[in-house]
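Notes follow the structure.
Rule-based calculations on the coordinates, nothing more; no lab input. Since the model is a prediction, treat every value here as computed from it, not as a measurement. Heads up, the Cβs are rebuilt from the backbone with ideal geometry, glycines too, and the neighbour counts pull from every protein chain shown.
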Amino acid sequence: MLLFTPGPTPVPESVRLAMAAPTLHHRTPEFEAIFKETRELLFKLMATDEVIMLASSGTGAMEAAVTNLCHDTLLSVNSGKFGERFGKIALASGLNNIEIKHAWDTPATVEEVIEAVKANPSIDALAIQISESAGGLRHPVEEIAKAVKAINPSIMIIADGITAVGVERIDVSNIDCLIAGSQKALMLPPGLSILGLSNAAIEKTGEGKGYYLNLASEIKKQSQNTTAYTAATTLIIGLRAILLEIEAKEGFGMLYCVTARRAKSTRFALEALGLHSYPNTPARSMTTIDDQQAQEIRDILKKEFGVNVAGGQDHLKGKIFRINQMGLIDIHEMVWVVNAIELALAKLGRREFDGTASRVFNEEYFKHTLKKEEK
Ligand SMILES: *Cc1c(COP(=O)(O)O)cnc(C)c1O
């Protein structure tokens, strides 16, 4: 079965093998050396002033960011389930929450965020997804962050990059906290989250808030290559392995290029079949199609063609399907996925099978390669 859900993503064999080594004790020079190397690799990936790894799923990092970096009122952008979660975390933590809410295909605009910030002087942090995985959309986070900082530089910008870090280069110049998670673009099992912090965020953290998710105590320990509590040793060993593997395969710059090209080619191929791309601003992390027969298409893909794609949640259940674009993906697998979707549509009597999807995918994906060779 090909796992093509936008999280969890498949774990490469080399990484699984790296994680199969005997358990290391976390308070040893051996593990601290691995921790140090992983931190250095993460600094390159995140490009932030500090990086922290937590033994938690992505939501733990979201909570740590909100509770440590917001002391009064959070402005949260809700264009889907994950944006909604930021607001719920704020309320559960006794903070005020002001929410900008949209349909799941609609990104936030700079103007409405500015308006909310100007109207509510108690806002001291903004939380937003870079890629909102619920509907596969991309928010204009960099532009929003820049505009907010121009009004009030002390407002903390929390950017959930769980389906963006490792997918595309993110300009962190106006971001105070960039969040990543293990089981999405980093191709690891679930259970590890990462926070990239700005110096301003470190300052605002102060003594920290909370106990387990206290960023101040983690910053203190992790800058000395250890952790406040037991580190997720196996996952950190896996993280080091995947970061080294990506570096060895021409690096993140190349991965970002290939991911963008693959996502675009997939969208073109599916649109050529008459399918409709759901989000107004598609993220590169996934291809999201809205279709009345989304459930039937998913069932056929799984039962007959060995492809597992994700459906929708809440009101989009049975209305959309989402195809992963994150991580190291063999191109022949993606060609098979679009071909299988065309076959599924033929089985549903929606169109005659003529190989359009794989042809359009290949044309778009390989056109640059062929151009280069002509020269
Ligand atoms: C998956 C995801 C999360 C939540 O992560 P968990 O690991 O499930 O806690 C948060 N934000 C986005 C954008 C995600 O895709």
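Scanning the stretch 294-316 for residues that are outside any loop (DSSP other than H, G, I, E, B) and not hydrophobic (A, V, I, L, M, F, W, C) gives Gln295, Glu296, Arg298, Asp299, Lys302, Lys303, Glu304, Asn308, Asp314, His315.
Considering every residue within the stretch 92-100, establish whether at least one is in a helix (DSSP H, G or I), aliphatic (A, V, I, L, M) and within 15 Å of the ligand (Cβ to nearest atom). Don't jump to the end; show me each part of the working.
Narrowing the stretch 92-100 to residues in a helix (DSSP H, G or I): 92.
Checking which are aliphatic (A, V, I, L, M) leaves us with 92.
Adding the requirement that they be within 15 Å of the ligand (Cβ to nearest atom) leaves 92.
Yes - at least one qualifying residue is present in the stretch 92-100.
Among the conditions (1) closer than 26 Å to His139 by Cβ; (2) touching a helix residue (DSSP H, G or I) at 6+ places or on another chain (Cβ under 6 Å); (3) buried (at least 19 other Cβ atoms within 10 Å of the Cβ), the only one that Ile236 does not satisfy is (1). Each residue in the stretch 173-212 was checked for being part of a loop (DSSP other than H, G, I, E, B), crowded, with 22+ Cβ neighbours inside 10 Å and either more than 16 Å from the ligand (Cβ to nearest atom) or of a type in the set (A, V, I, L, M, F, W, C) (or both), and 7 of them qualify. Would you point out which residue out of Phe82, Phe86 is under 22 Å from Lys204 (Cα atoms) and either touching a residue at least 12 places away in the same chain (Cβ under 8 Å) or within 13 Å of the ligand (Cβ to nearest atom) (or both)? Being under 22 Å from Lys204 (Cα atoms) and either touching a residue at least 12 places away in the same chain (Cβ under 8 Å) or within 13 Å of the ligand (Cβ to nearest atom) (or both) holds for just one of Phe82, Phe86, which is Phe86. Looking at Ala65, Ala103, Ala108, just one residue is free of Cβ contacts under 8 Å to residues at least 60 places away in the same chain, within 27 Å of Gly312 (Cβ to Cβ), among the aliphatic types (A, V, I, L, M) and within 16 Å of the ligand (Cβ to nearest atom), and that residue is Ala108. Could you tell me whether the stretch 10-25 includes any residue that is outside any helix (DSSP H, G or I), within 20 Å of the chain's Cα centre (by Cα), of a type outside the set (D, E, K, R) and away from the ligand (no atom under 16 Å from the Cβ)? Checking the stretch 10-25: at least one residue is outside any helix (DSSP H, G or I), within 20 Å of the chain's Cα centre (by Cα), of a type outside the set (D, E, K, R) and away from the ligand (no atom under 16 Å from the Cβ).
Pairs meeting the criteria (first residue in the stretch 114-142 and in a helix (DSSP H, G or I), second residue within 11 Å of the ligand (Cβ to nearest atom), beta carbons under 7 Å, at least 6 apart or on different chains) are Val141/Ile128; Val141/Ile130; Val141/Ala159. For the stretch 311-351, residues that are crowded, with 21+ Cβ neighbours inside 10 Å and either under 25 Å from Leu255 (Cβ atoms) or aliphatic (A, V, I, L, M) (or both) total 16.
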